[in-house]
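Worksheet: the structure to be examined is printed underneath.
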Amino acid sequence: MRLPLVVALGSALALGASVPSIAAGLASPQPVMISFSLTLDGKPVGCAAPLPKLGASKVDAKLREARFYVYDVKLIDKKGGRAPIALAQNDWQYANLALLDFRDARGGSAPCSPTNPPKNSAITGSTPAGDYVGLEFSVGVPVESQIDGKTVALNHSNVETAPPPLDVQAMSWNWQAGRRFFSVEVDPSNFVALSDGAKARTWMVHLGSSGCKGNPATGEIVSCAQPNRFTVTLDRFDPKTEQVNLDLTTLFKESDVSMDKGGAVGCMSALDDPECPAIFKAIGLNPPGGAGAGLQTKPGVSSIFSARPVVAVSGAKP
């Protein structure tokens, strides 16, 4: 498969991999674009789309937001070699990191349409020219990256001074805990019933590292007991005809978004949150509080992501 010419490129940033890596510079670089989609029951959704019969209790809901960071995006050749995609540097991409954002680009509350696309649903960059058959990427924000030969902190950087897309306040917890890697929020039609009898508007999935120690403001190295990052490997993927799909049906399959039994409303990665085991299972992470908490259950496998034929997200362009 020879990738199509799509967009101008940025500078190369290649990090080491545990599998064979294709050395940058051995072939002329070629542009590449990887588009992402969001679906429920196989139908494209995005922006503030209605979400009928969502989750274990089959309640009607509305999408409030869906955005997540990806990094270390690589194409895979027939021999299993990985070719890192050097991301174009812009407001959505920095170093080897990109932010995908399926919120309403106009700031309204309508479903996506041809005139109302999501804010950012594709990543762009370059790889050495070659024939590729698969794709690999990680969800999260890495602790650090190499930029112009220097080690630069990413996850635990100051959100007020960080470059985009690390400067999004809504995707940050605090300097020690770092960024929210993955955020999906839904509004059930009849609100969320809380354990104390009260009601909440929104059921949230906020994934990020937990159990973090160290103060980055004073130069301390931060370490987190539960990293909560995960890698997605698609052995067969053609960016000419396919896009990476996040399936909300699978994400919420065993979650009742009409109620919350304790802790933060929904799952915010806490070890004792009763809503988190089902979400972690769907994502492919070991459950909070158990052995290997915060580590991926099976490397490269996350059931919420898959390859899907290119279909406009309710008419949105990537």
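The values are calculated or read from the model by the stated rules, or taken from the named source; none is laboratory data. Keep in mind the model is a prediction, meaning the values are calculated, not measured. Cβ atoms come from the backbone with ideal geometry, glycine included; neighbour counts cover every protein chain shown.
Exactly one residue out of Ser195, Ser258 is touching a residue at least 12 places away in the same chain (Cβ under 8 Å), in contact with a Ser or Thr (Cβ under 6 Å, 6 or more places away or on another chain), surrounded by fewer than 21 Cβ atoms within 10 Å (Cβ to Cβ) and of a type outside the set (Phe, Trp, Tyr), and it is Ser258.
Quick check on the range 34-68: of everything there that is of a type in the set (Ser, Thr, Tyr) and assigned to a strand (DSSP E or B), which residue is surrounded by the fewest Cβ atoms within 10 Å (Cβ to Cβ)? It comes out as Thr39.
In the list Ala122, Ala129, which residue meets the criterion of being surrounded by fewer than 23 Cβ atoms within 10 Å (Cβ to Cβ) and at pLDDT 95 or above? Matching residue, one of Ala122, Ala129: Ala122. When the range 276-299 is examined, which residues are found to be at negative phi, assigned to a loop (DSSP other than H, G, I, E, B) and within 21 Å of the chain's Cα centre (by Cα)? Hits for the range 276-299 are Asn286, Pro287, Pro288, Ala293, Leu295, Thr297, Lys298, Pro299.
Only a single item in (1) out of contact with any helix residue (DSSP H, G or I) (no Cβ under 8 Å at 6 or more places or on another chain); (2) within 19 Å of Leu40 (Cβ to Cβ); (3) of a type in the set (Gly, Ala, Ser) is not met by Ala225, and it is number (2).
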